[in-house]
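Novice: Questions regarding the structure given below will be posed in turn.
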Amino acid sequence: MPSLIIGSDHAGYSLKEAVKPLLTELGYDIEDAGPFDEASVDYPDFGNHVSRMVATGERDCGILICGTGLGMSMVANRYPEIRAALCNDLFSAIMSRRHNDANILVMGGRVIGDALANEIVRAWATTPFEGGRHADRLEKFGSCRGADPKTV
Ligand code: RB5
């Protein structure tokens with residue numbers, strides 16, 4: 001059973017709750033990193049925790065939700081092992097798996113509604129990575145690490 005960790009901030013809390021039943025239906029072993037109510041919190045705290053759990057391999061993949069999805073994706077993509085994809089539409093969700101092998105799905109709780117979010121989660125969870133030339137491109141991400149912007 002694949003393992004998944006989901007986290008949000010206050011602006012993503014309601015959407016986090018709305019997609020959890022589908023994750024169970026899809027067969028994931030889910031860990032909810034919180035928050036557990038709508039009290040104001042700082043998204044980097046939850047984004048860091050979820051990203052670390054996926055980066056270290058303690059969880060296979062993750063979902064992060066904040067108001068726009070922007071802050072969470074910025075936090076998650078600071079980890080070299082993370083490929084976080086902000087997907088507020090279905091096409092991006094499918095392509096983020098096929099071509100980018102995204103290991104964290106990010107959504108904006110103030111951008112999309114529950115029904116679309118569930119469709120996005122279903123598509124993301126069931127679409128395989130195509131590998132091949134896309135894997136070669138992911139290999140090149142390593143050359144971005146610590147790159148000097150003046151010389152690349
Ligand atoms: C919280 O107000 C909001 O800034 C946060 O949820 C997120 O959208 C940040 O990128």
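Novice: Which of the chymotrypsin sites (Phe, Trp or Tyr not before Pro) across region 23-120 are loop residues per DSSP, with 10 or fewer other Cβ within 10 Å?
Specialist: Working: sites: 28, 36, 46, 91; in loops: 28, 36.
Within region 23-120, the qualifying chymotrypsin sites (Phe, Trp or Tyr not before Pro) (loop, at most 10 other Cβ atoms within 10 Å) are 36.
Novice: Note down the Stokes-Einstein diffusion coefficient of region 87-152 in µm²/s, whole number, using a Kirkwood radius over alpha carbon pairs, 4 °C, and 1.567 mPa s. Present the calculation step by step, with values, prior to reporting the outcome.
Specialist: Working: Rh = 13.3 Å.
D = 97 µm²/s.
Novice: Need one number: % antiparallel among DSSP beta bridges in the chain, to the nearest 5.
Specialist: 0
Novice: Using alpha-carbon pairs under 8 Å, 6+ residues apart, how would you state the relative contact order of the chain in percent?
Specialist: 24
Novice: Can you compute the equivalent ellipsoid semi-axes for region 61-124, i.e. the square root of 5 times each eigenvalue of the Cα gyration tensor, sorted largest first and rounded to whole Å?
Specialist: On the way: eigenvalues 58, 41, 12 Å².
Over the Cα atoms of region 61-124, the semi-axes work out to 17, 14, 8 Å.
Novice: Which FRET efficiency value, to the nearest 0.05, is calculated for residue 58 and residue 151 with the Förster distance at 41 angstrom and r the Cβ-Cβ distance?
Specialist: After rounding, the FRET efficiency stands at 0.70.
Novice: For the residue pair residue 130 and residue 110, what label-to-label distance in nm results when each label sits 7 Å from Cα along the Cα-to-beta-carbon direction?
Specialist: Simple spin-label model gives 3.5 nm for this pair.
Novice: Under 5 Å between amide hydrogens, which residues at least 5 positions from residue 106 or on another chain qualify, with H placed 1.01 Å from N in the peptide plane?
Specialist: Those qualifying (amide H under 5 Å, at least 5 residues apart or on another chain) are 64, 85, 86, 87.
Novice: Can I ask one more? Summing Lys, Arg as +1 and Asp, Glu as -1, what charge do residues with Cβ under 11 Å from the Cβ of residue 109 carry, residue 109 excluded? Walk me through the numbers before you get to the answer.
Specialist: Values: positive: 16, 110; negative: 9, 17, 38, 114.
Net local charge, residue 109 excluded: -2.
Novice: Here's another thing I want to ask about it. Helix-only mean residue ellipticity at 222 nm, the chain, DSSP H runs n ≥ 4 weighted -39,500 (n - 2.57), per residue, nearest 500. What is it?
Specialist: That calculation yields -12000 deg cm²/dmol at 222 nm.
Novice: Right, next: If I fit a long axis through the Cα atoms of helix 114-126 and take the longest principal axis of the Cα atoms of the chain, what angle between them do I get, 0 to 90°, rounded to 10?
Specialist: So the helix axis and the longest Cα principal axis differ by about 40 degrees.
Novice: Rounded, prolate or oblate, given the Cα gyration tensor of region 15-105, with a/c below 1.5 counting as rounded?
Specialist: Verdict is rounded for region 15-105.
Novice: What distance in nm separates the simple spin-label points at residue 88 and residue 40, each placed 7 Å from Cα in the Cβ direction?
Specialist: 2.2
Novice: Could you pull out every one of the lysines with an alpha carbon less than 20 Å from that of residue 150, ignoring same-chain neighbours closer than 8 positions?
Specialist: 140
Novice: By the scheme Lys and Arg +1, Asp and Glu -1, what is the net charge of all other residues having a beta-carbon under 10 Å from that of residue 44?
Specialist: Neighbourhood net charge equals -2.
Novice: Another one. With Cβ to Cβ distances under 11 Å as the rule, what net charge do the other residues near residue 118 carry (K, R +1; D, E -1)?
Specialist: Net local charge, residue 118 excluded: -1.
Novice: From largest to smallest, what semi-axes in whole angstrom does the chain give when each is the square root of 5 times an eigenvalue of its alpha carbon gyration tensor?
Specialist: Value: 24, 18, 14 Å, ordered largest first.
Since every read-out is calculated from the coordinates, none of them should be taken as a lab result. Source: prediction; values computed, not measured. Because the Cβ atoms are built from the backbone with ideal geometry, glycine has one as well, and the counts that use them run over all protein chains shown.
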